[in-house]
Every structure is written in structure tokens, then in C-alpha cells.
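Below is one structure, written out as C-alpha cells; comments come after it.
The values are calculated or read from the model by the stated rules, or taken from the named source; none is laboratory data. Keep in mind the model is a prediction, meaning the values are calculated, not measured. Backbone-built Cβ (ideal geometry, glycine too); neighbour counts: all protein chains shown. Surface accessibility is based on the protein's heavy atoms, side chains included, excluding ligands, DNA and RNA. Shrake-Rupley method; radii C 1.70, N 1.55, O 1.52, S 1.80 Å.
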Amino acid sequence: MFNLISTKSLSKAEALTILDIAEDMALVEQREVKKLPTLRNQTVVNLFFEDSTRTRISFEVAEKRLSADVINFSAKGSSVSKGESVKDTVLTLGAMGVDAIVIRHSESGTAQTIAESDWTHVPVINAGDGSNEHPTQALLDCFTIRKRMHGKNSRGKDLSGARVLIVGDILHSRVARSNLWLLTTLGAEVRFVAPPTLTPTQGDTWPVVVDGDFDQVLTDFAPTVVMMLRIQHERMDSSLVSNLDEYHRMFGLTRERFISLPETTIVMHPGPMNRGVEISDEAADSAQSAVLEQVTNGIAIRMAVLYVLMTQQSEVSHGA
Ligand code: CP
């Protein structure tokens, strides 16, 4: 594995290797000295053409924990505002000597375009491209589910037995796409719930049922995980959701829906959350909520991905 652009192309063995290495990386966080020398003298650039809190900071923490030198690039305040292209930005930063590129962009396919170009010959990690994919989010989500299912005995385990219901703005969600591929590869059952206006037209050809009745699916599918998605107003050409109160009532994890779930049901959200729209305070702040665990686990997952791509190791031999 040289780049990480999509979870669709990850084999089960590759995915399990990353999850298992992340188990070791998570142990580093519990040490007094939270650092490994793995990427000493290597430079990683975080190229963020689109806003981010979790992913950008999580990559930066992961890179620093592996002793990499870190360059943070944000399109705001850069020469992008003077019209500089992605190509010239990548060429410019490459000329300064970087060993890996982490890229977030609002246009689907940007990470792949860079990886397939001759603008750079270093590993490219997709940190979210438009509505397309967000592979490290899916990896951290699967890591979180596996940890809740198997605890300290997670290593080597897949997600057989998990029934994951992903609810909300499927149309614009790179998180839903990346999770669909990875969860399926790891043996979980996946269902989607979305309003008709936020259901992808190609949804019928995906290996997943897209339903419109949240309550019925909660009864019929009996999910072990309910993953709520943010309404992505910034990706909507027109107002596909006219009334947020009605959206909350029909497609939100309301207080009433939440308290009707079994106490073992895991509640997830990739963030940032629109409280009172796709998720209620009661659900977001409950013991069943894994939202902050997802954030914590993101660091270990990103350390594992950087380790695998930048050292070209597929074995757990990093001395963590
Ligand atoms: N989950 C996620 O990608 O969040 P950010 O947009 O804050 O990075």
C-alpha cells in the first residue's frame, strides 16, 4: 500500500493490519512520553483546502507523536486566494521537500488526481474529498466499533455480528461511502436511512438497502450501531431540507428514539454535530455515545496509516 485514497480498494487483511497497528499506537498515548521515533527526519504536509477541526488536528497530533516534522497548509491565507492551483501548490510544497501529503479538498477526486499525477512521488493520504471518501474516518469508526465489541481482545477480529445503521445526509456523505465499503469488507451488515432528497440516485446499485422510515428500520434491523450524519448545507445546491424541526422529528436521533434503543446500542457521529437537528443532546452526551472515543481513536488510526505508508511496513514491528 503506497497511498490511502479510498476504503474500497482496501483488502480485509490490509484493513485488519491498520486496525491492529492502531491498537499498539493507542498504547503510546497512555505512556508518559507519548512519542515514537518512527518518522524522525521525515516531513509531512497537511494540505487543507477545506475547513476541519478533528481531522486536521488529529493528523497533526499523530505526525508529532511519530516525531515527524509537520507543515500545516490552510488554503485560507495562502496563495490559493491569489489563484494558485492545486497542482502548483503541490509542486511548490514538494520543492521544499516533503515525504508525505495529507490532503482535504471540497472536490471529489482531488486526492486521487494528486496520487496519479507526476506532481509528487510521495504517499498521498485522503483526509476527505468532497462527497467521495474519508478513509481514515471509516478506519477510526471501525476501530471504535471493534473496541466496543471486543475490548482488549480486539486484535485480529473483524466486525462480524455488527449491524450498522447510517442515518441522514447520505447523498453528500463521504463518511457513509467510506464506511459502507470498509464495514462490508470487515463483515458488518450495513443499512442506510435517508430522506428521498438526500438519497443518492446511484444508491440502488450499492450493496446496501436505503430506507426512508427510521422507526421501522430501528425495529426491523435492530442495529447494534446507529451512526448519525451531519446535514452538509455547504454541499447543497438548493435547499434539500426545508424544515430542520421536521427533519429532526423524522430523521434525527431524538430523545424519544434514543431512549427506546437498547442500552447496548452504540451511538456514533463523525462530527461536527448539529445538535437538535440530526442528534439530540441526550443521545450525544450519553454513555452509549462513542463520539469522543471516535476522536481519540482517530489519532491512533492516523499514526497507524502514516506508519504503514511511510515505512512501507505491513507487519507490527514498530516497537510501540
Ligand atoms: N469528522 C471530520 O472529518 O471532522 P472535521 O471536518 O472537523 O475534520
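Taking the conditions (1) within 22 Å of the chain's Cα centre (by Cα); (2) away from the ligand (no atom under 16 Å from the Cβ); (3) of a type in the set (V, I, T); (4) more than 16 Å from I301 (Cα to Cα) in turn, T110 satisfies each one other than (2). The lone criterion from (1) away from the ligand (no atom under 16 Å from the Cβ); (2) under 23 Å from D51 (Cβ atoms); (3) under 23 Å from the mean Cα position of the chain (by Cα) left unmet by P270 is number (1). Checked against the criterion of being β-branched (V, I, T), touching a residue at least 60 places away in the same chain (Cβ under 8 Å) and assigned to a helix (DSSP H, G or I), the candidates T113, T136 yield just one match: T136. Taken together, the criteria exclude K76 from residues that are in a helix (DSSP H, G or I), more than 23 Å from I5 (Cβ to Cβ) and among the charged types (D, E, K, R). Across the stretch 113-133, the number of residues qualifying as away from the ligand (no atom under 16 Å from the Cβ) and in contact with a Leu (Cβ under 7 Å, 6 or more places away or on another chain) comes to 2. Note on the stretch 53-69: residues that are within 16 Å of the ligand (Cβ to nearest atom) and open to solvent by 20 Å² or more (accessible area, probe 1.4 Å) total 6. Only one of the numbered conditions (1) touching a Ser or Thr at 6+ places or on another chain (Cβ under 8 Å); (2) at pLDDT 95 or above; (3) on the phi > 0 side of the Ramachandran plot is not met by G109, and that is (1).
When residues in the stretch 276-303 are screened for being charged (D, E, K, R) and within 28 Å of E246 (Cβ to Cβ), 4 of them pass.
Can you confirm whether A100 is under 14 Å from M310 (Cα atoms), in contact with a helix residue (DSSP H, G or I) (Cβ under 6 Å, 6 or more places away or on another chain), within 16 Å of the ligand (Cβ to nearest atom) and at pLDDT 95 or above? For A100, the condition - under 14 Å from M310 (Cα atoms), in contact with a helix residue (DSSP H, G or I) (Cβ under 6 Å, 6 or more places away or on another chain), within 16 Å of the ligand (Cβ to nearest atom) and at pLDDT 95 or above - is not met. Reported count of residues in the stretch 11-51, each being open to solvent by less than 80 Å² (accessible area, probe 1.4 Å) and either more than 16 Å from the ligand (Cβ to nearest atom) or on the phi > 0 side of the Ramachandran plot (or both), is 25. Answer with yes or no whether G151 is over 13 Å from the mean Cα position of the chain (by Cα), without any contact (Cβ under 8 Å) to a residue 60 or more places away in the chain, more than 14 Å from the ligand (Cβ to nearest atom) and outside any strand (DSSP E or B). Yes. The stretch 206-286 holds strands (runs of 3 or more DSSP E) entirely within its bounds, and those carrying 2 or more residues that are modelled with pLDDT under 95 map to 209-211. The number of residues in the stretch 246-273 being touching a His at 6+ places or on another chain (Cβ under 9 Å) and either surrounded by fewer than 18 Cβ atoms within 10 Å (Cβ to Cβ) or touching a residue at least 60 places away in the same chain (Cβ under 8 Å) (or both) comes to 2. Looking for something polar (S, T, N, Q), within 16 Å of the ligand (Cβ to nearest atom) and open to solvent by less than 60 Å² (accessible area, probe 1.4 Å) - is there at least one such residue anywhere in the stretch 156-177? Yes, that holds for at least one residue.
For every residue, the table says whether it meets (1) within 14 Å of D211 (Cα to Cα); (2) in a strand (DSSP E or B); (3) of a type outside the set (G, A, S); (4) touching a helix residue (DSSP H, G or I) at 6+ places or on another chain (Cβ under 9 Å).
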site: K147; (1), (2), (3), (4): no, no, yes, yes
site: I166; (1), (2), (3), (4): yes, yes, yes, yes
site: S178; (1), (2), (3), (4): no, no, no, yes
site: V190; (1), (2), (3), (4): yes, yes, yes, yes
